[in-house]
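Undergrad: I have a structure I would like to understand better, so I am pasting it below and will then ask my questions one at a time.
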Amino acid sequence: MLIKVCGMRDSANIEQVRSLNPDMIGLIFYARSPRFVGLESLPHLTASFAPALKVGVFVNETVAAVADIAARFNLNAVQLHGNESPAECAALRQAGLKVIKAFGITSAADFAQCASYSDCCDLFLFDTRTAGYGGAGVKFDWSILAEYKQDTPFLLSGGISADDAADIRSISHSQLAGIDLNSRFETAPALKDVAKLRRFIADLTTENT
């Protein structure tokens, strides 16, 4: 199962998280987020996070703006949380970036919106629908994942906490590719509790080995 740790900004904290070998580390380029990475962060966030993919999170930016920031920060992938069109997703994918499209979910009917994106995205991300962009640390009803019938694999997001390992292991959906971890593993916005992440990852993987 893929593990993405999102909302990073502090270089020392990033290095601590990298020691846990996550598959993806996310930087948020949405100015209204408390985890916003401004261009002043450029000097210490351009280095590779390999083997983890470096993912930039955007909301309703133009393709040109996303591509420019992707080049400046050496991003491997972009995660789009706004009203980005399939054509915009396709353009970013053609530029050599992996594309993750986020969808706010409250009911099984919400999965219908994913259909037009199936040919232009590498992954979907299912988050809790809120008034803003992102789940705000709140879960949606994971039981409705059974109603997702499309072929594009997805990451599960929205309020995942250190207590959820067993529930996540119990999800048997064939397209569940991984999980996105953020606010419930923080000591402050953009600062992750590495010990809590380590315990959770161990709990998530132990019974699958």
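Every number in this text was worked out from the coordinates using simple rules, so none of it is lab data. Note that the structure is a prediction, hence the values are computed from the model and not measured. Every residue, glycine as well, gets a Cβ built from its backbone with ideal geometry; the counts of neighbours run over all protein chains shown.
Undergrad: Between ALA90, ALA70, ALA108, find the one with the highest GNM mean-square fluctuation for the chain; connect C-alpha pairs within less than 10 Å.
TA: It is ALA108.
Undergrad: List LYS139, LYS4 from most exposed to least, where exposure is judged by having the fewest other Cβ atoms within 10 Å. Intermediate results must be reported in sequence, preceding the final value.
TA: Details: LYS139 17, LYS4 25.
In increasing order of surrounding Cβ atoms, one gets LYS139, LYS4.
Undergrad: What ranking of ASP163, ASP203 emerges when the number of other C-beta atoms within 10 Å of each C-beta is taken as an exposure proxy, fewest first? The partial results should precede the final answer.
TA: Details: ASP163 10, ASP203 16.
Ranking ASP163, ASP203 by Cβ neighbours within 10 Å, fewest first, gives ASP163, ASP203.
Undergrad: Which of the pairs LYS98/LYS139; LYS54/LYS149; LYS54/LYS196 have their Cα atoms more than 23 Å apart in this structure?
TA: From the list (LYS98/LYS139; LYS54/LYS149; LYS54/LYS196), the Cα-Cα distance tops 23 Å for LYS98/LYS139; LYS54/LYS149.
Undergrad: Provide, for q = 0.10, 0.19 Å⁻¹, the log10 of I(q)/I(0) from a solvent-free Debye sum over equal Cα point scatterers in segment 43-158.
TA: Log10 I(q)/I(0), no solvent term: -0.30, -1.01.
Undergrad: Now a separate question. With runs of 4+ DSSP H residues as the only contributors, calculate the mean residue ellipticity of the chain at 222 nm using -39,500 (n - 2.57) per run, divided by the residue total and rounded to the nearest 500.
TA: After summing the helix terms and dividing by the residues of the chain, the value is -6500 deg cm²/dmol.
Undergrad: With a cut-off of 8 Å between alpha carbons and a minimum separation of six or more residues, what is the relative contact order of segment 1-94 in percent?
TA: Worked out over segment 1-94, it gives 24 percent.
Undergrad: Can you tell me the relative contact order of segment 2-206? Whole percent, Cα pairs under 8 Å, sequence separation 6 or more. Present the calculation step by step, with values, prior to reporting the outcome.
TA: Details: 395 pairs, mean separation 38.3, N = 205.
This gives 19 percent for segment 2-206.
Undergrad: Just to check, using Stokes-Einstein with a Kirkwood Rh over alpha carbon pairs, what's the diffusion coefficient of segment 37-110 at 10 °C and 1.306 mPa s in µm²/s? Please report the intermediate quantities before stating the final value.
TA: Numbers: Rh = 13.1 Å.
Rounded to a whole number, D works out at 121 µm²/s.
Undergrad: What does the charge add up to near SER107, with Lys and Arg as +1, Asp and Glu as -1, over the other residues with Cβ less than 13 Å from its Cβ?
TA: With Lys, Arg at +1 and Asp, Glu at -1, the neighbours total -2.
Undergrad: Dividing the convex hull volume of the alpha carbon atoms of segment 99-209 by its residue count, what do you get in Å³ per residue?
TA: Dividing the Cα hull volume of segment 99-209 by its residue count gives 110 Å³.
Undergrad: Could you check what % of the DSSP bridge pairs in the chain are antiparallel, to the nearest 5?
TA: Of all bridge pairs located within the chain, approximately 5 percent are antiparallel.
Undergrad: Mind jotting down a quarter of the surface of the convex hull over the alpha carbons of the chain, in square nanometres, one decimal?
TA: For the Cα atoms of the chain, the hull's average projected area reads 10.6 nm².
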